[in-house]
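Worksheet: one structure, shown below.
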Amino acid sequence: MSVNRKTDFIIEIATTDYTTTKSAVEGRADRIELCAALTEGGTTPAYGTIKKCREDFQVQLFPIIRPRSGDFLYSDEEFDMMKSDINVCKVFGCNGVVIGILNADGSIDKKRCKELVELAKPMKVTFHRAFDRAINLAQALEDVIDIGCERILTSGGVPNAMEGADMIAKLVKQADGRIIIMPGSGVRADNIKMIAEKTGAKEFHSSARTSIESSMNYQNEKMNETLFQVALDKEEARNIFRQLSSL
């Protein structure tokens with residue numbers, strides 16, 4: 001299905017595997033944030049997943065570089081892993097990566113983040129929602145600009161972008177075109193128009209996530225579980241695009 005929408009808006013879809021990436025591409029996403037463990041906020045996807053998605057899809061591909069779930073304070077060993085993962089993304093021909101490191105006091109770890117940005121070149125870099133855990137969002141914005149990131153994914157320092165729309169609007173104004181502010185978390189077709197109008201943002205991040213039951217004919221009842229997998233609702237993604245096209 002063809003979806004007509006204004007070209008000044010960009011939709012990034014978070015995907016968790018090859019199948020959801022394929023669905024996002026069919027739903028006409030402008031960019032993919034490729035993750036594993038999306039239900040835990042996203043961690044670095046497997047090399048095989050990155051490689052296959054890069055080979056098969058022409059869409060902008062930005063794998064997240066996050067060695068584990070939890071906080072964003074990383075050990076030296078984890079930092080080395082992040083650098084290795086960035087090099088892999090560069091070899092595979094990714095368009096960019098998504099990073100975020102904080103210091104223990106809640107400030108942006110500018111030294112390490114700047115090292116990752118330099119290592120990633122010529123790939124672009126998005127700073128993810130570690131930003132929302134920073135102690136001072138206004139200062140964090142200036143720090144991320146100084147690091148050299150292209151955009152910040154944020155919900156305004158609260159759990160979802162609708163709730164944080166007023167803060168996101170302030171960040172858009174403070175950024176003044178120096179960096180892209182991209183609202184994300186809880187962005188759906190039924191609220192994206194309002195978020196766009198409140199914040200003045202031009203790029204948006206959504207997972208358009210749903211779940212589907214397993215196709216297994218046999219499941220061990222003794223395990224007392226219902227198997228399902230994360231899936232992407234293509235119609236939800238298309239509705240997101242339709243809402244923006246009306247602005």
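Every read-out reported here was derived from the displayed coordinates using simple, explicitly stated rules and does not represent laboratory data. Since the structure is predicted, the reported quantities are computational estimates derived from the model, not experimental observations. Backbone-built Cβ (ideal geometry, glycine too); neighbour counts: all protein chains shown.
Taking every DSSP bridge with both residues inside the stretch 1-124, close to 15 percent are antiparallel.
Counting only DSSP beta bridges with both residues in the chain, tell me the antiparallel percent, nearest 5. Given both bridge residues lie in the chain, the antiparallel proportion sits at roughly 25 percent. Computed over neighbours whose Cβ is under 12 Å from that of M167, the net charge equals 0, Lys and Arg +1, Asp and Glu -1. As a rough guide to protection, the peptides 107-117, 24-34, 70-80 ranked by mean Cβ packing within 10 Å, highest first, stand as 24-34, 107-117, 70-80. Taking 4.7 Å between C-beta atoms as the pairing limit, the chain has these partnerless cysteines: C35, C53, C113, C149.
In the chain, the convex hull through the Cα atoms has an average projected area of 14.3 nm², a quarter of its surface area. Averaged over residues, the count of other Cβ atoms within 10 Å places the peptides 210-216, 161-167 in the sequence 161-167, 210-216, highest first.
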